[in-house]
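The values are calculated or read from the model by the stated rules, or taken from the named source; none is laboratory data. Note that the coordinates shown come from a computational prediction; the quantities given were computed from them, not determined experimentally. Every residue, glycine among them, receives a Cβ derived from its backbone with ideal geometry; neighbour counts consider all protein chains shown. To get the accessible areas, we keep the full protein, side chains included, count just its heavy atoms, and leave off ligands, DNA and RNA. Shrake-Rupley method; radii C 1.70, N 1.55, O 1.52, S 1.80 Å.
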Amino acid sequence: MSTLTQKIESMIWSGEADGWLDLLDQTLLPTQLKRIECRDVETVWEAIKMLRVRGAPAIGISAAYGAVIGVQTIKDDSNIAALKDRANEVIDYLATSRPTAVNLFWALDRIRATVDSWTDETSLMDAKAALLAEAKAIHDSDRQTCHAIGKHGCSVLDGVDGVLTHCNAGGLAAAEYGTALSVFFTAQDRGQSLHVFVDETRPLLQGARLTAWELMQRGIEATLICDSMAAQVMREGRIQAVVTGADRIAANGDAANKIGTYSIAVLAKHHGIPFYIAAPASTFDLSIESGDEIPIEQRDSLEITHGFGRQTAPDDVQVYNPAFDVTPADLIEAIITEHGLIQPVTTENVRSMLG
Ligand code: MRU
């Protein structure tokens with residue numbers, strides 16, 4: 001495998017409203033750089049479900065484009081009522097792809113608001129163009145958001161050399177810089193040298209396959225560790241801060257992220273290391289008071305018993321495979337958003353930062 005240095009876009013829209021979504025298949029990384037052309041909504045749904053595209057903001061952006069693709073089945077000689085019905089049908093369908101990352105529902109709500117704004121006088125061409133414009137706006141604003149997170153967040157790394165991250169919250173999981181990795185990329189842009197310890201992130205290895213790869217492409221020193229090594233690495237004094245992304249943050253600051261994040265936060269507390277979450281406003285769900293209400297995705301047991309195609313557990317063993325866990329707000333030193341830092345993490349501070 002060669003180390004690539006070109007900019008990799010995880011999501012590219014080609015053409016106008018009758019175009020298609022080109023996704024980098026993240027399940028094949030880091031050994032294969034293969035793209036999928038999504039020309040029907042089922043292919044987008046499957047790509048989200050199977051983690052070909054993954055990470056909270058990227059799921060939302062892809063679903064928005066998925067809605068644009070889904071309404072292409074309504075031809076321009078049809079009527080606006082049929083287009084509306086189809087749009088609502090594909091929005092509902094895309095919402096069933098994954099349950100935890102609230103960015104999916106946030107993006108689909110924005111698309112639905114566009115659909116709701118259509119009147120009987122709206123032409124089908126204008127309506128479809130408006131859907132694409134909204135999907136592109138979601139995508140474009142995510143780029144700015146990720147850069148703003150990096151700018152606000154890099155101050156927490158002043159004087160820091162070693163950091164730890166979990167799962168993948170980089171450019172593959174969002175637009176361009178990502179969220180947690182944006183903090184590292186921005187620090188690097190400002191001349192800071194960091195040494196990033198990367199949890200491999202069982203069972204699907206987003207850390208090993210994606211984060212280590214992204215960091216290496218950008219020339220950031222990266223050391224891969226098994227998830228179970230984090231305590232030892234902290235104890236050895238190699239880590240001065242932990243930064244991860246999030247999939248849904250409740251009004252009190254409790255944050256759901258990839259399974260294993262909660263353990264890292266507990267370990268960080270024990271070792272006196274600050275634990276930060278980097279996430280955009282679109283990852284907050286202010287309709288829920290605490291993390292207890294966050295739906296946790298349960299995934300196929302084969303991901304544990306037959307990881308990457310090889311059986312590693314006895315036939316018929318019972319398996320529990322929650323894909324996310326919730327880190328309580330009191331373990332989080334600050335939440336880094338595009339608007340600034342929420343610190344300390346309290347309901348009052350979350351609400352005043354996000355309105
Ligand atoms: O199951 P995944 O790979 O979609 O989980 C992704 C994560 O947990 C990320 O840390 C989170 O979505 C933030 S991405 C900027």
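Among the GluC sites (Glu not before Pro) within region 1-109, those in coil by DSSP and having at most 12 neighbouring Cβ atoms inside 10 Å are Glu16. Close amide-amide hydrogen proximity is noted between Thr327 and Ala255, Ala256, Asn257, each under 5 Å apart and 5 or more residues distant or on a separate chain (H modeled in the peptide plane; Pro and chain starts excluded).
Normalise the Debye intensity by I(0) for region 1-139, one equal point scatterer per Cα, no solvent, then take log10 at q = 0.15 Å⁻¹ and round to two decimals. With one equal scatterer per Cα and no solvent, log10 I(q)/I(0) is -0.67. Overall, the ratio between the Cα radius of gyration of region 77-226 and 2.2 N^0.38 Å, rounded to two decimals, is 1.35. Applying the Kirkwood pairwise sum to the alpha-carbon positions of region 152-354 produces a hydrodynamic radius of 17.1 angstrom. For the chain, the mean projected area of the C-alpha convex hull, equal to one quarter of the hull surface, is 18.1 nm². Taken over the chain, lysine pairs spaced eight or more positions apart, or on distinct chains, with alpha carbons under 24 Å apart number 16.
If R0 equals 35 Å, the separation of the Cβ atoms of Val266 and Ala137 corresponds to a calculated FRET efficiency of about 0.35. Heavy atoms only, probe 1.4 Å: what % of the accessible area of the chain goes to carbon and sulfur, would you let me know? Its accessible area is 50 percent carbon and sulfur atoms.
What the Cα atoms of region 94-175 give is an Rg and a Dmax of 17.7, 60 Å. The listed residues Asp158, Asp199 rank as Asp158, Asp199 when sorted by accessible area, largest first, using a 1.4 Å probe. With θ taken as phi - 60° and the Karplus curve 6.51 cos²θ - 1.76 cosθ + 1.60 applied, the whole-hertz 3J(HN,Hα) list for region 205-220 is 6, 4, x, 5, 7, 10, 5, 4, 5, 4, 5, 5, 4, 9, x, 9 Hz, x standing for glycine and proline. Between Ser123 and Met50, the FRET efficiency from the beta-carbon distance, with R0 = 35 Å, is close to 0.45.
Paramagnetic label reach from Leu286 (point 7 Å along Cα→Cβ; backbone nitrogen cut-off under 16 Å): within region 246-263, residues 249-254.
Scanning residues 5 or more positions from Glu221 or on other chains, those with amide H under 5 Å from its amide H are Leu194, Val196, with H placed 1.01 Å from N in the peptide plane.
For region 206-287, the solvent-accessible area with a 1.4 angstrom probe is 35 square angstrom per residue.
A simple count of charges around Gly307, restricted to other residues whose Cβ falls under 13 Å of its Cβ and scoring Lys, Arg +1 and Asp, Glu -1, yields +1.
Each residue of region 46-57 was assigned a 3J(HN,Hα) from its phi angle through the Karplus expression (A = 6.51, B = -1.76, C = 1.60, θ = phi - 60°), giving 5, 5, 6, 4, 8, 6, 5, 10, 7, x, 3, x Hz with x at Gly and Pro.
Here the Karplus curve 6.51 cos²θ - 1.76 cosθ + 1.60, taken at θ = phi - 60°, turns the phi angles of region 73-85 into couplings of 5, 8, 7, 5, 8, 8, 10, 5, 5, 5, 5, 4, 4 Hz, with x standing for Gly and Pro. Taking amide H atoms as placed 1.01 Å from N in the peptide plane, the amide H of Leu164 lies under 5 Å from those of Phe197, Ala241, Val242, Val243, each 5 or more residues away in sequence or on another chain.
Here is the list for region 271-312: GluC sites (Glu not before Pro) lying in DSSP coil, each with at most 13 other C-beta atoms within 10 angstrom of its C-beta, are Glu289. Compared with the dominant principal axis of the Cα atoms in the chain, helix 102-116 is inclined by about 20°. Across the protein chains, with a 1.4 Å probe defining accessible surface, the residues Arg299, Arg52 rank Arg52, Arg299 from largest area downward.
Of His339, His270, the residue with the largest accessible area leads and the full order is His270, His339 (1.4 Å probe). When you filter the chymotrypsin sites (Phe, Trp or Tyr not before Pro) in region 300-345 for DSSP loop state and at most 11 other Cβ atoms inside 10 Å of their Cβ, you are left with Tyr320. Other residues with beta-carbon under 10 Å from the beta-carbon of Thr211 carry, at +1 per Lys or Arg and -1 per Asp or Glu, a net charge of -2. The residues of region 11-146 expose, per residue, 41 Å² of accessible area to a 1.4 Å probe.
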